[in-house]
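Some notes on the structure that comes next.
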Amino acid sequence: MTFLDSPLCKRAIAVSTLAALSFLVSCSDNKVSQCNKLIKVANEAVSAVQNVTQTATPDNVAAMSQIATAADKAKADMQGLQIGDEQLKGFQTRFISMYTDTGKATRDLVAAAGAKDAAAAQTAFDALKTATDQEGPLVNQVNTYCTTN
């Protein structure tokens, strides 16, 4: 009987295989868990904005302020996530940037409306559109990454 045929060797191989599989599953769960955290914050931001916009009229300055507040909260929540996966960190950074730009543009739009400055309002609206246009492609990229192995 050789060492490779011994019960001790077979047991060692089985334990090593289980350890390796546990590590792989752990890494996989870690990515899934991190994806879920990122997606949860993004979904909460969308829900917060939808709650405001469903009942607000386009000229409702208070509603615009609530949208800025929602963007600020989403930014803070996204910054608070502990993400280890490098690809997800990149997505996290992009969400933070988008929420920062959205909050600033929305506040600028509120200020321009208060000052009745049409040019400033148009500039702020354009900045808001640029910021929010990032959301669809970013969400698609996150979903694609999070659903692949």
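The values are calculated or read from the model by the stated rules, or taken from the named source; none is laboratory data. Here the structure is a predicted model, which is why all the values come from computation and not from measurement. Don't worry about glycine lacking a Cβ; one is built from the backbone with ideal geometry, like all the others, and counts go over all protein chains shown.
The number of residues in the stretch 56-68 that are loosely packed, with under 15 Cβ neighbours inside 10 Å, free of Cβ contacts under 8 Å to residues at least 24 places away in the same chain and either in contact with a Pro (Cβ under 6 Å, 6 or more places away or on another chain) or not in a loop (DSSP other than H, G, I, E, B) (or both) comes to 1.
Only residues that are closer than 15 Å to Ala45 by Cα and surrounded by 12 or more Cβ atoms within 10 Å (Cβ to Cβ) were counted across the stretch 129-139, and they come to 6. Taken over the stretch 94-149, the criterion of being among the acidic types (Asp, Glu) and outside any helix (DSSP H, G or I) is satisfied by Asp117, Asp133.
For Ala115, state whether it is of a type in the set (Gly, Ala, Ser), modelled with pLDDT of 95 or more and more than 17 Å from the chain's Cα centre (by Cα).
Yes.
Exactly one residue among Ile96, Ile83 is farther than 22 Å from Asp126 by Cα, modelled with pLDDT of 95 or more and of a type outside the set (Gly, Ala, Ser), and that residue is Ile83. Scanning the stretch 74-96 for residues that are under 23 Å from Val49 (Cα atoms) and of a type outside the set (S, T, N, Q) turns up Ala74, Lys75, Ala76, Asp77, Met78, Gly80, Leu81, Phe91, Arg94, Phe95, Ile96.
Scanning the stretch 78-93 for residues that are crowded, with 18+ Cβ neighbours inside 10 Å and assigned to a helix (DSSP H, G or I) yields Met78, Leu88, Phe91, Gln92.
Would you confirm whether any residue within the stretch 129-139 is more than 18 Å from the chain's Cα centre (by Cα) and either closer than 12 Å to Leu38 by Cα or at pLDDT 95 or above (or both)? Yes, because at least one residue in the stretch 129-139 is more than 18 Å from the chain's Cα centre (by Cα) and either closer than 12 Å to Leu38 by Cα or at pLDDT 95 or above (or both).
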